[in-house]
Amino acid sequence: MALDSFTNTFAGNPLDRASDRRPDTDWIAQKIAADDGLSVVIWNGKPMVETAKDGGVQIAYIPARAAAQMSGGHERLLFLGLWNEAPVFAVDLEDQTDPADGPLQGLGRFEDLRMIALTLPGAEAAILATAKSMFEWRRRHLFCAACGQPSRPADAGWKRVCPACNSEHFPRTDPVVIMLAVKGERCLVGRQKIWPKAMYSALAGFLEPGETIEEACARELWEEAKLKTTRVHYHSTQPWPYPSSLMIGLIAEVENDDAVADQTELEEVRWLTRAETLDMLAGKLADAKAPGTMAIASQLIKAWAEGAWTASGTAKQL
């Protein structure tokens with residue numbers, strides 16, 4: 001069940017994660033062998049999908065037992081959770097040859113998740129994002145950060161332990177504040193030099209240790225655009241599996257409007273009126289394009305432009 005009325009792309013994973021059962025190796029083994037066990041397949045970061053009856057895209061599952069055989073052990077196998085009591089796993093393949101041309105021929109094709117996210121059912125996009133994030137974490141933590149020795153998987157893929165020094169390592173999520181600065185009837189957007197021509201978005205930056213969400217928002221707006229924040233409002237969050245971030249969407253009221261791009265993170269910033277912002281979202285503004293609807297930045301801009309947020313307090317406040 002949705003916890004909020006607004007769900008971003010990659011949010012809303014419907015699985016019961018059953019996290020309390022992950023350490024039970026016998027239970028996990030039973031679920032792998034279960035007749036109704038299924039598995040997502042990820043190859044070099046790309047999920048295996050197939051064409052749905054409605055012409056869209058959907059996950060192409062394989063039996064969990066087959067995934068366990070392909071994994072060659074617990075290193076590449078991940079327990080994702082339960083779907084109506086049926087176990088769901090994910091297997092991580094890194095072969096140079098496309099498995100769809102080999103052992104998985106005829107069962108599906110591998111596509112870039114970013115490219116197909118909006119054509120997938122929302123729940124399935126969230127499931128795939130979870131698997132992708134976890135496998136990206138696995139690849140980066142094959143060795144113990146404490147002593148440098150090889151680590152091994154535990155808790156059905158949700159933990160790694162070091163046999164040499166007994167250190168335990170858990171998946172990390174990097175929090176990112178992404179905020180639309182507003183003053184009166186205008187909002188501020190910016191662009192990086194490497195972005196597609198004329199594309200603008202909300203400003204963003206990583207949360208630092210010892211920093212609150214509000215403080216990170218204020219710091220980033222000052223560092224990138226020399227804006228002083230007076231009030232911060234929460235909009236929504238978005239899991240972002242590139243490789244594993246949590247985008248914290250905010251709308252920030254600012255004191256001044258003399259914004260200046262820092263020329264390090266941003267090459268340009270500009271204020272847009274509400275009418276200009278609506279035109280940008282509709283693709284009618286010649287010199288400014290909005291981020292894709294998959295991105296939380298697009299939803300922040302849309303919420304403000306359409307009046308779903310006002311400074312009077314309709315937004316959730318932190």
### Message
So in the stretch 180-233, with the set limited to residues that are among the β-branched types (Val, Ile, Thr) and not in a strand (DSSP E or B), which one is nearest to the chain's Cα centre (by Cα)?
### Response
ILE213
#### Entry: Number of the condition not met by CYS147 [criteria: (1) farther than 22 Å from GLY249 by Cβ; (2) of a type outside the set (Gly, Ala, Ser); (3) surrounded by 14 or more Cβ atoms within 10 Å (Cβ to Cβ)]
(3)
### Summary
Of the conditions (1) modelled with pLDDT of 95 or more; (2) buried (at least 18 other Cβ atoms within 10 Å of the Cβ), the single one that ALA282 does not satisfy is (2)
### Query
For the stretch 47-79, how many residues are in contact with a helix residue (DSSP H, G or I) (Cβ under 7 Å, 6 or more places away or on another chain) and of a type in the set (Lys, Arg)?
1
### Task
Tell me which of these ARG274 doesn't satisfy, since it passes every other one: (1) surrounded by 20 or more Cβ atoms within 10 Å (Cβ to Cβ); (2) farther than 25 Å from THR173 by Cβ.
(1)
### Message
Can you pull out every residue in the stretch 234-278 that is in a loop (DSSP other than H, G, I, E, B), of a type in the set (D, E, K, R) and more than 26 Å from the chain's Cα centre (by Cα)?
### Response
GLU255, ASP257, ASP258, ASP262
### Query
What are the residue pairs meeting all of these: first residue in the stretch 60-71, first residue within 12 Å of PRO103 (Cβ to Cβ) and in the same structural domain as GLY106 (by TED's automatic domain parsing), second residue surrounded by fewer than 20 Cβ atoms within 10 Å (Cβ to Cβ) and of a type in the set (Gly, Ala, Ser), Cβ atoms under 8 Å, and 6 or more apart or on different chains?
none
### Summary
Of the listed residues (ALA117, ALA131), the one being out of contact with any strand residue (DSSP E or B) (no Cβ under 7 Å at 6 or more places or on another chain) and either of a type in the set (Phe, Trp, Tyr) or assigned by TED's automatic domain parsing to the domain that holds PRO63 (or both) is ALA117
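Output the residues belonging to the stretch 85-112 that are assigned to a strand (DSSP E or B) and either more than 21 Å from SER133 (Cβ to Cβ) or outside the structural domain of ALA34 (by TED's automatic domain parsing) (or both).
ALA86, ARG109, listed by residue number.
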### Query
Here are some residues: VAL91, VAL177. Which one is within 30 Å of GLY292 (Cβ to Cβ) and in contact with a Cys (Cβ under 7 Å, 6 or more places away or on another chain)?
VAL177
### Single residue of ASP20, ASP98 found to be closer than 24 Å to SER151 by Cα and either among the acidic types (Asp, Glu) or touching a Phe, Trp or Tyr at 6+ places or on another chain (Cβ under 6 Å) (or both)
ASP20
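The values are calculated or read from the model by the stated rules, or taken from the named source; none is laboratory data. Predicted model only: the values in this text are computed from it and were never measured. When we count neighbours, we look across all protein chains shown, and the Cβ atoms used for this are built from the backbone with ideal geometry, even at glycine.
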